[in-house]
Amino acid sequence: MAKNSDDQVWLFLQDYHFIKWVNEPDRETIAYWENWLNQNREQEESLFKARQIIRDLVRAETPVEADPLSAVIWHSVKKDIERQAPVIQLPAPPARQKSSGSGSWYRLAAAMTGLLLLGAGIYYYRHTPTVNPPEQRITSVLANDNLQRTNQTHGNQVLYLVDGSKVILKPGSSIKHAVFLQKDKREIYLEGNAFFEVAKDPARPFYVYTKDIVMRVLGTSFNVTTDTHNGDVTVVVRTGKVSVYKKTSHPVGQLILTSNQKVLYKAQTSDLISSGLSSSETRSNLIPVSPAFDFNFEERPVGEIFNTLVNAYGIPIHYDGNGLSKCVVTTSLGEEEFEEKLKIICAAIGATYRIKNNGVFIEGGSCSSQQNP
């Protein structure tokens, strides 16, 4: 089965020899990539997309009609080019030797490779509907230690957090948080509307910040709605307890909500008003209907499994697509935390993983003695 088109594009952009072929083709690189394309026709579209991105970056100061990926890469790459960024070595494909080329394209290759591998910019390339169905079209942007995810569709979307929590994000809404929630408290910044199912972790309380109020929970589910006309915020609790307070008033003025209670924050007066649900606000209306990701895999290529995790969590996963191309895994994953899922998959293919620079790097792996969990 063909790889996810988006991730295959990124693999091309990380390949020094691919960049060299696009910008400084010679007899050897032309022969190699023509042969590669004849054997991988299902990836033809991804190859041409990656080639066009590189050409756009070389030809123009800012690519004409550039998509968001090209534009963001270009501005970051320009800075790296000026610093004469060194090339990060990548395993050379068979029958190809690394050139000691020079010039602006060589520095471009270095800058692009460093940028993409280290995750210093973004992880966005989600506009191929046939590959990424509507329920998965989430824009994910990595910047420093933060991950921002935006729902650009017309339907509700399920997002997964590494601690086991889930967020159902409404259209046009976004959340921002530390990529791996690695602090002593889990903090989420919300713009718009969302439904939260928070995994219990008494040692690390869960905070949601939106507008002028804060919500603090340990393990519960609740809905947050912001009125775009007047800025009012409504919080409705489905299960558990939620403490709601104004950013400037804690601990004075906090309200404790329990199941089937709500609070209204009036933006104009900065008042918090709590109440029970009215007869028209049934519990069935609190939970947005949204398709979730399926983590049950029956003899699926490991690359496809990694792509599913990337789409669900928004975190880049780097791996040797060629070395693991024949790895097939059968496993059923459920409510495990992100790292637990990684451990299960890596155990199945004999690999290890490192969490570094806002991304995951899969190392090693062999399918010769593969066992399905």
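The values are calculated or read from the model by the stated rules, or taken from the named source; none is laboratory data. None of the values given here were measured: they were computed from a predicted structure. Don't worry about glycine lacking a Cβ; one is built from the backbone with ideal geometry, like all the others, and counts go over all protein chains shown.
Structure notes:
- If you go through segment 329-343 and keep only what is surrounded by 16 or more Cβ atoms within 10 Å (Cβ to Cβ) and assigned to a helix (DSSP H, G or I), you end up with Phe338, Lys341, Leu342.
- Subset of segment 293-307 [at negative phi, surrounded by fewer than 20 Cβ atoms within 10 Å (Cβ to Cβ) and out of contact with any Leu (no Cβ under 6 Å at 6 or more places or on another chain)]: Phe293, Asp294, Asn296, Glu298, Arg300, Pro301, Glu304
- When Tyr207, Tyr189 are screened for being over 19 Å from the mean Cα position of the chain (by Cα), in a strand (DSSP E or B) and not aliphatic (A, V, I, L, M), only Tyr207 passes.
- Filtering segment 172-186 to residues that are within 17 Å of the chain's Cα centre (by Cα) and part of a loop (DSSP other than H, G, I, E, B) leaves Gly172, Ser173, Val179, Phe180, Leu181, Gln182.
- Verdict on Leu181 being touching a residue at least 24 places away in the same chain (Cβ under 8 Å) and in the same structural domain as Gly219 (by TED's automatic domain parsing): no
- Hey, Ile273 crowded, with 16+ Cβ neighbours inside 10 Å and either closer than 24 Å to Gly314 by Cβ or outside the structural domain of Gly359 (by TED's automatic domain parsing) (or both) or not: no
- Of Val162, Val167, all but one fail to be buried (at least 20 other Cβ atoms within 10 Å of the Cβ), part of a loop (DSSP other than H, G, I, E, B) and touching a Phe, Trp or Tyr at 6+ places or on another chain (Cβ under 8 Å); the exception is Val162.
- Restricting segment 289-316 to residues that are of a type in the set (Val, Ile, Thr) and farther than 13 Å from Ile349 by Cβ, the residue that is modelled with the lowest pLDDT: Val289
- Matching residues in segment 24-42 - criterion: being free of Cβ contacts under 8 Å to residues at least 40 places away in the same chain, among the acidic types (Asp, Glu) and not in a helix (DSSP H, G or I): Asp26
- The residue list Val224, Val217 contains one member that is more than 21 Å from Thr150 (Cα to Cα), at pLDDT 85 or above, among the aliphatic types (A, V, I, L, M) and not assigned by TED's automatic domain parsing to the domain that holds Leu13, which is Val217.
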